[in-house]
Amino acid sequence: MEQYNSCYMYFKTTEELQASYTIHCNNYADFSQTLNSNTLSGYTTEHEYLLIGAIPNQTNTITVTLTNKQGKVVDTLSWSYNAPSLQGGDQYLTVECDVSNTSSLSNGLYTVLGNDVTEDSEEQAYMRLYDNYGIIRSEIPIVSYRSHRILFENNTMYFSISSTKIVGMEQTGYVSKIYDTGNYKLHL
């Protein structure tokens, strides 16, 4: 499982800091997130992250900001990233949003559980994640069929990748668990 419109980052700091990032791409809304450090406070000296949110086929500027416990910015790092095309095709880079609802949206991602690809198809199966503006922020390729549900436990995301396999993916994008249901198939 690779997420091509993302960047993996690992570094250490001498002081406990909290990391956040913003991805800027011309003609799109900025995407910002505070990163989870697997600690209750959000501050750590060991930083390992998967920065998702780059726009495919575009030059994205990624800025990582480190903040201390007093709220002071102690360092920033910016670079350009030319994100490749999506494996499932670029026809759904944006989706239409219903703006009639006046309720405030959370700063999360919304998942389209993917295209319906049969087990013997050569078409790429995937899940896609969109921000509050309907802009693609991540694609997670899967083996076949489609995902049905996403569950989270202990910073691991669980989802099906075929009609007989379920995986646990850590927040760094690493697939740490694979469950095979054998002769039992999901929703067939």
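We did not get these values from a lab; they are worked out from the coordinates using the rules stated. The shown structure was predicted, so the numbers you read here are calculated from the model rather than taken from an experiment. Here the Cβ is made from the backbone with ideal geometry for all residues, glycine too, and neighbour counts use every protein chain on show.
Points worth noting:
- For segment 118-166, relative contact order (Cα pairs under 8 Å, six or more residues apart, normalised by length) works out to 31 percent.
- Whole-number percent relative contact order across the chain, with pairs defined as alpha carbons under 8 Å at least 6 apart: 18 percent
- Length gained when the stretch T76-T181 is fully extended (0.36 nm per residue, less Cα-Cα span): 33.3 nm
- With at most 16 neighbouring Cβ atoms within 10 Å, loop GluC sites (Glu not before Pro) (DSSP) excluded, longest segment of the chain: 3-95
- Here, the chain yields an orientationally averaged convex hull projection of 12.5 nm² when only Cα atoms define the hull.
- Two-site label geometry, L151 and L109: point separation in nm, points 7 Å out along Cα→Cβ: 2.1 nm
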